[in-house]
1. Filter segment 243-285 down to the residues that are of a type in the set (Phe, Trp, Tyr) and within 13 Å of ALA111 (Cβ to Cβ) and list them by number.
2. Collect the residues in segment 210-223 that are touching a residue at least 60 places away in the same chain (Cβ under 8 Å) and open to solvent by 10 Å² or more (accessible area, probe 1.4 Å), keeping them in residue-number order.
3. SER146: within 13 Å of the ligand (Cβ to nearest atom), farther than 26 Å from GLU228 by Cα and out of contact with any helix residue (DSSP H, G or I) (no Cβ under 8 Å at 6 or more places or on another chain), yes or no?
4. Does LEU110 fit the bill of being more than 19 Å from ALA192 (Cα to Cα), more than 16 Å from the ligand (Cβ to nearest atom) and open to solvent by less than 30 Å² (accessible area, probe 1.4 Å)?
5. Quick one: how many residues across segment 335-355 are surrounded by fewer than 22 Cβ atoms within 10 Å (Cβ to Cβ), in contact with a Phe, Trp or Tyr (Cβ under 8 Å, 6 or more places away or on another chain) and in a strand (DSSP E or B)?
6. Of the residues ILE404, ILE356, which is in contact with a strand residue (DSSP E or B) (Cβ under 9 Å, 6 or more places away or on another chain) and closer than 24 Å to GLY47 by Cβ?
7. Which residues, taken from segment 51-67, are open to solvent by 20 Å² or more (accessible area, probe 1.4 Å) and in contact (Cβ under 8 Å) with a residue 12 or more places away in the chain?
8. Can we say LYS166 is touching an Asp or Glu at 6+ places or on another chain (Cβ under 8 Å), more than 21 Å from ALA264 (Cβ to Cβ) and either modelled with pLDDT under 95 or surrounded by fewer than 16 Cβ atoms within 10 Å (Cβ to Cβ) (or both)?
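The values are calculated or read from the model by the stated rules, or taken from the named source; none is laboratory data. Predicted model only: the values in this text are computed from it and were never measured. Note that we place each Cβ from the backbone using ideal geometry, even for glycine, and neighbour counts take in every protein chain shown. For the accessible areas, the whole protein counts, side chains as well, though only heavy atoms, and no ligand, DNA or RNA atoms are used. Shrake-Rupley method; radii C 1.70, N 1.55, O 1.52, S 1.80 Å.
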Amino acid sequence: MAQLIDSASEIQSDAQTIADFEAHVNPALAQVLQFIGFTSVESEARGCIVTDSTGRRFLDCLGGYGTMSLGHSHPRIVEAAKNQLDKMAFSSRVLFNAPQAALAKKLAELAPGDLQFAFFCNSGAEAAEAAIKFARITTGRKKLVSAEGAYHGKTIGALSISGRNKYKTPFAPLMQDVQTVPFGDISALEAAIDDDTAAFLIEPIQGEGGINLAPDAYLQAARHICTEKGALLVMDEVQTGLGRTGKMWGCDHAGVAPDMMLLAKALSGGAIPIGAVLGTPKVWEFWNDSPLIHSSTFGGNPLACAVGLETLQIIEDECLVEKSARAGERLIAKLRQTQQKFPQLVKDVRGRGLIIGVEFPHEDITSLVLAGLAQRDVLVVPYTFNNPTVTRFEPPLNISDEEIEWATTAFDAAVESAAELLEGVEEM
Ligand SMILES: *Cc1c(COP(=O)(O)O)cnc(C)c1O
């Protein structure tokens with residue numbers, strides 16, 4: 001077998017990779033991906049371009065669900081990671097670690113309001129888990145309120161406050177004392193948050209929920225209601241943070257500062273996993289009684305933190321927040337031109353900055369357009385976990401005008417082919 005693999009052509013070794021994935025990782029997912037038209041094995045990536053083992057180049061408008069804000073393999077990220085690896089990758093865990101302290105300080109500078117402190121972990125779900133614990137210990141209350149369609153991760157706690165029953169029901173019983181409220185409904189929120197509510201968790205734009213934008217007035221009302229009732233406002237900026245929406249933070253559009261903020265995805269520089277919970281001095285008081293009451297072995301490791309710090313510096317140096325706003329306007333405008341041509345197929349185009357959702361009337365049309373985009377070498381988010389009629393464009397924030405042209409020309413052609421195909425079906 002080993003010999004076979006060694007002597008195999010590239011195509012054969014790709015077939016082997018897919019067969020191994022199917023046999024040892026996830027058979028059903030292997031089927032779904034191939035059905036949509038993803039039959040390549042990726043081998044390298046730079047900026048917005050992912051290259052497969054045969055040299056075929058894809059435009060990455062999926063961006064690891066918003067992780068690739070700097071683009072793939074940003075040279076400064078690669079260098080920062082290599083430098084830190086050469087020194088020490090992992091902390092002794094008892095000596096002080098400079099990248100961690102520096103990253104926490106920089107985040108405190110950039111974050112809205114009074115988010116002076118940071119707890120580091122390794123993913124968005126872990127950040128949500130930590131925030132649930134921090135909210136309960138700080139307030140001494142049990143109840144958590146979250147929004148319908150929310151996505152906070154797939155660990156038990158994070159799942160309990162997320163929206164889609166398909167992913168929840170098989171794992172019942174989940175966490176108790178959770179209430180979900182319709183996204184954007186101020187009076188429902190007012191009714192739900194009571195004297196036993198520890199926190200309200202909300203995404204400024206629901207990513208997996210289908211790119212649902214929280215109205216500014218909703219986030220402002222949430223701030224007001226939480227303050228009045230003594231509940232904590234937790235802003236999940238795992239996907240919207242760090243320039244994705246055309247401002248540094250998704251909640252900046254509404255001018256609202258939360259009591260805790262969750263980060264992950266783009267803070268990784270697209271390279272080294274990291275998650276974080278930012279919190280105010282008041283929230284952080286609980287640590288005083290027991291400084292190890294919550295912890296993570298890998299959380300805050302020097303490698304991830306050095307890369308996180310470099311990420312923040314690159315965002316500033318390359319004006320990526322402004323670029324995101326400008327590129328987003330351009331991309332949305334061009335997608336809407338296609339919508340005007342095919343209003344019966346493209347129901348809605350919505351977003352802010354470079355988190356953009358395109359809604360179709362039916363999930364089969366989503367699949368057709370996805371396949372058409374894949375044929376034209378454009379990768380978009382193949383499904384939003386909680387809303388399969390919506391696909392998403394979340395390219396790197398430094399996507400060029402030419403690359404936007406590539407994406408939108410492909411989108412227009414993919415929608416046109418879908419329209420022709422459907423007409424054919426109707427005539428039959
Ligand atoms: C992706 C995501 C998470 C979960 O992050 P993981 O790193 O996948 O665990 C949580 N919240 C939001 C808003 C997300 O987009």
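1. To start, the set of residues in segment 243-285 that are of a type in the set (Phe, Trp, Tyr) comprises 249, 284.
Matches in segment 243-285: TRP249 only.
2. From segment 210-223, those touching a residue at least 60 places away in the same chain (Cβ under 8 Å) are 210-213; that's our starting set.
Those that are touching a residue at least 60 places away in the same chain (Cβ under 8 Å) and open to solvent by 10 Å² or more (accessible area, probe 1.4 Å): ASN212, LEU213.
3. no
4. Working: more than 19 Å from ALA192 (Cα to Cα): yes; more than 16 Å from the ligand (Cβ to nearest atom): yes; open to solvent by less than 30 Å² (accessible area, probe 1.4 Å): no.
No: the conditions fail for LEU110.
5. Count: 0.
6. ILE356
7. We begin by selecting, within segment 51-67, every residue open to solvent by 20 Å² or more (accessible area, probe 1.4 Å); these are 51, 53-57, 62, 64-65, 67.
Selection gives SER53, THR54, ARG56, ARG57, LEU62, GLY64, TYR65, THR67.
8. So LYS166 does not fit the description; no.
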